[in-house]
Amino acid sequence: MSGPRSTAHRPRARSRPEETRGRFWFTVLTVGVTTLLISWGGFVTSIEAGMAVPDWPRTFGSWNPVNPVENWWQRTPLLAEHGHRILGQVVGFLTLALAGWTYWKDSRRWMRRLALGALALVIVQGVLGGLRVTENSLALAAVHACTAQIFFSLLVAMALFTSRSWLSMPPARSAFSSKQRTLAGLLLVTSVALYGQIVLGALLRHFGRGIGATFAFVHIGGAFLVTGLVVASFVYAEKHFDTCPALRRGAWAMAAAVFVQFALGLAAYLVLLNEMAASLRSALQVGLTAGHLVVGALLMAATVATTLLAVRRARRIPRGGDAAPARSTEAPALDHAKTRVS
């Protein structure tokens, strides 16, 4: 029995095809460029340069995406806004390539649909950014910011689905079913609460100068809630899933990101309070705000990825015997699973 048990606990990792490995790294590249795009968008919002270019899809009447205005890169508002547009186009082309690659090469139907969904979402995101300019709408700017986080998390999920951690993840054991479901539920609640924080943050950044008291207090309270949920998820994963390295890595990434995020948010709040009276917008404030935005996106992505890993384990439980008829007890189901392993 020791041989089969050892194999069940420590399965041999399956090698990925070269195509899947290449697509994984291409997705990682797309994620990296999207991270830069999100940080650049935070810079645009922080210096209030969203309307530096008043038309769309052209730029000051020009269709030239590289040099619509002579020496535009020497003017900070134009560098911010038009540079954001250029990065958006790069992300759009990368997503188009990724969607085509996935659709033609991935045998999983749901993965092909996910790739098409990512392509549709990046198109919607581009249109939202354009309408924000043509309509001069702060509401659309906030929606644009919130949609960006969904798109970013979707790209991270696509990278996860082609990673070795996902493809070689061992089947879950029936004895751990309740713990797996508990962790998956805890992570799902954390994801929802975290996205609520992202929405509140977008409202705080886009609607006027300074801080709205109601939004600020709710956002600060939400920060403590999210931090508590992340810490609870981390402790639970460390305590009950020491044999699942992928889940533990995700939990560690969440814990590290949430503490950095909390520190950046606190620092940005204190700097903003100090500079509000003098109506200043220093480089420090801009940097802290943009950093807070980017780390929030990374925290959201890490939470989504860890949630997917936990849900995958929970959904694979029926293979171990939980799919047996209701009249069966857990012990016979577990014996059946051991027989299949041997």
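The values are calculated or read from the model by the stated rules, or taken from the named source; none is laboratory data. Please read these numbers as outputs of a predicted model, since none were measured by experiment. So basically every Cβ, Gly included, is an ideal-geometry build from the backbone, and we count neighbours across all protein chains shown.
Going through (1) touching a Leu at 6+ places or on another chain (Cβ under 8 Å); (2) of a type in the set (Val, Ile, Thr); (3) over 13 Å from Met158 (Cβ atoms) one by one, Thr27 falls short only on (3). Entry remark, the range 51-103: residues being among the polar types (S, T, N, Q) and under 20 Å from Thr35 (Cα atoms) number 2 in total.
Residues in the range 50-88 that are under 20 Å from the mean Cα position of the chain (by Cα) and either aliphatic (A, V, I, L, M) or surrounded by fewer than 17 Cβ atoms within 10 Å (Cβ to Cβ) (or both): 1 in all. Could you please let me know if Ala139 is within 30 Å of Gln285 (Cβ to Cβ), assigned to a helix (DSSP H, G or I) and hydrophobic (A, V, I, L, M, F, W, C)? For Ala139, the condition - within 30 Å of Gln285 (Cβ to Cβ), assigned to a helix (DSSP H, G or I) and hydrophobic (A, V, I, L, M, F, W, C) - is met.
Within the range 233-252, the set of residues being of a type in the set (A, V, I, L, M, F, W, C), surrounded by 15 or more Cβ atoms within 10 Å (Cβ to Cβ) and not in a loop (DSSP other than H, G, I, E, B) comprises Phe234, Ala237, Ala246, Leu247, Ala251, Trp252. So which residues in the range 175-224 are surrounded by 20 or more Cβ atoms within 10 Å (Cβ to Cβ) and at pLDDT below 75? Hit for the range 175-224 is His206, nothing else. Residue count for the range 29-71 under the criterion of being aromatic (Phe, Trp, Tyr), in a loop (DSSP other than H, G, I, E, B) and touching a helix residue (DSSP H, G or I) at 6+ places or on another chain (Cβ under 7 Å): the result is 1. Quick check on the range 98-107: of everything there that is of a type outside the set (Ser, Thr, Tyr) and surrounded by 11 or more Cβ atoms within 10 Å (Cβ to Cβ), which residue is farthest from Val156 (Cα to Cα)? Top of the filtered list is Lys105. Taken over the range 112-130, the criterion of being over 17 Å from the mean Cα position of the chain (by Cα) and buried (at least 16 other Cβ atoms within 10 Å of the Cβ) is satisfied by Arg112, Gly126, Leu128, Gly129, Gly130. Return yes or no: is Phe262 crowded, with 16+ Cβ neighbours inside 10 Å, of a type in the set (Phe, Trp, Tyr) and closer than 20 Å to Thr182 by Cβ? No; evaluated as a whole, the condition is false for this residue. The residues listed here are Glu275, Glu330; of these, the one that is touching a Ser or Thr at 6+ places or on another chain (Cβ under 9 Å), surrounded by fewer than 20 Cβ atoms within 10 Å (Cβ to Cβ), modelled with pLDDT of 50 or more and of a type in the set (D, E, K, R) is Glu275.
Pairs linking a residue in the range 108-130 that is more than 30 Å from Asp55 (Cα to Cα) and in the same structural domain as His82 (by TED's automatic domain parsing) to a residue that is acidic (Asp, Glu) and modelled with pLDDT under 95, with Cβ atoms under 6 Å and 6 or more positions apart or on different chains, are Arg112/Asp106.
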